[in-house]
Amino acid sequence: MDLQLLEERIQSEAMVVSPDVLRVDMFLNHQIDTTLLDAIGAEFARLFADEVGRVTKILTVEASGIAVACAAARYFSVPVVFAKKGSSNRTLDQQVYCAPIYSFTKETTSTVSVARRFLSADDRVLVIDDFLANGAAARGMLSLLEQADATLAGIGIVIEKAFQPGGLALRAQGLRIASLAVISSMEGGTVEFAHYD
Ligand code: 5GP
């Protein structure tokens, strides 16, 4: 994808709603531009080209990760599993992996769960999400993978906010992370991008 395109959409349509929260409702999180979405999927496939044919599943968290995960999954020809928020009905379904995820945007912790039958030790998993901020969502998904003894192939992020600590901390753990747009600052409501080689 022409990454310039994603940055341009962020610059022209996204709204900085607080010092650390960006709203992308116009094209990604509420109204969705499916042409851009498909380009995002293609870009994840390009960045993780060595994993096409190896990855068995794509994992994300509902709700805003689902669209981008599906867009990527078409290129890997694998199913998407999305972790569900809210406590599962224990009487009906004890067969779940659970992890807490703190959302700094909502200031709440929710338990996410995935049915055990959808993740196993045979799976090699690409984690996809719309944003990376403090890394709580990613860590929650890594916990689900650990519980399943599944293998993490890498983490693909549409928008990383590099002024929040998640990306640095996860990379320091040696994890492979690819972000399509990296925001270095939103100070004063102005979005600035970082570009890495
Ligand atoms: P983290 O868990 O890394 O702190 O934050 C990532 C999760 O919070 C993502 O799943 C995303 O849905 C949400 N999130 C984090 N930052 C933003 C933001 O600036 N805008 C929106 N719309 N969602 C965000």
Worksheet, complete the sentence: Descending accessible area (1.4 Å probe), largest on the left, turns TYR196, TYR102, TYR75, TYR97 into TYR196, TYR102, TYR75, TYR97
Discussion item. Output wanted: per-residue J couplings in Hz (rounded whole) for region 44-56, from phi through Karplus 6.51 cos²θ - 1.76 cosθ + 1.60, θ = phi - 60°, x for Gly and Pro.
Written reply: 4, 5, 5, 5, 10, 4, 5, 9, 5, x, 10, 5, 9
Worksheet item: Any idea which of SER143, LEU168, ILE40 is furthest toward the positive side of the dipole for the chain, if Lys and Arg beta-carbons carry +1 and Asp and Glu beta-carbons -1?
Response: SER143
Practice prompt. Using Cα pairs closer than 8 Å and at least 6 residues apart in sequence, work out the relative contact order for region 40-80, in percent.
Written response: 54
Response to the item:
Expected field for ASP25, accessible surface area in Å² at 1.4 Å probe radius, rounded to 10, holds 50
Fill in: Cut-off 12 Å, label 7 Å out along Cα→Cβ of LEU175, residues of region 143-162 by amide N
143-146, 152-157
Item to complete: Quick one: compute the contact order of region 94-197, relative version, from alpha carbon pairs under 8 angstrom and 6+ residues apart, as a percent.
Response: 22
Item to complete: Would you calculate, for the chain, the mean residue ellipticity at 222 nm contributed by helices, counting each DSSP H stretch of 4 or more residues as -39,500 (n - 2.57) and dividing by all residues, to the nearest 500?
Response: -9000 deg cm²/dmol
Item to complete: Quote the FRET efficiency, to the nearest 0.05, computed for MET15 versus SER143 with a Förster distance R0 of 41 Å and r equal to the Cβ-Cβ distance.
Response: 0.80
Worksheet, complete the sentence: In whole Hz, the Karplus estimates of ³J(HN,Hα) for region 69-74 (6.51, -1.76, 1.60; θ = phi - 60°; x where Gly or Pro) are 5, 5, 4, 6, 4, 4
Worksheet item: Out of ARG124, ARG54, ARG171, any idea which swings most in a Gaussian network model of the chain, alpha carbons joined below 10 Å?
Response: ARG171
Practice prompt. Using amide H atoms built 1.01 Å from N in the peptide plane, name the residues 5+ places from VAL112, or on other chains, whose amide H lies under 5 Å from its own.
Written response: ALA99, ILE101
Practice prompt. List the relative contact order of the chain as a percent without decimals, with contacts defined as Cα pairs under 8 Å and 6+ residues apart.
Written response: 19
Discussion item. Counting heavy atoms of the protein chains only and a 1.4 Å probe, report the per residue accessible area for region 3-194 as a whole number of Å².
Written reply: 48
Discussion item. Output wanted: per-residue J couplings in Hz (rounded whole) for region 128-140, from phi through Karplus 6.51 cos²θ - 1.76 cosθ + 1.60, θ = phi - 60°, x for Gly and Pro.
Written reply: 10, 8, 6, 10, 10, 10, 8, x, 5, 5, 4, 4, x
Worksheet item: Leaving out same-chain residues fewer than 8 places away, which lysines sit with a Cα under 22 Å from that of LYS57?
Response: LYS84, LYS85
Worksheet item: How big is the charge dipole of region 3-194 about its Cα centre, in debye rounded to the nearest 20, if each Lys and Arg gets +1 on its Cβ and each Asp and Glu gets -1 on its Cβ?
Response: 640
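The values are calculated or read from the model by the stated rules, or taken from the named source; none is laboratory data. Owing to the predicted nature of the structure, the values given are computational and were not obtained by experimental measurement. Every residue, glycine as well, gets a Cβ built from its backbone with ideal geometry; the counts of neighbours run over all protein chains shown. Remember, those area values only see protein heavy atoms, side chains included, never the ligands or the DNA or RNA. Shrake-Rupley method; radii C 1.70, N 1.55, O 1.52, S 1.80 Å.
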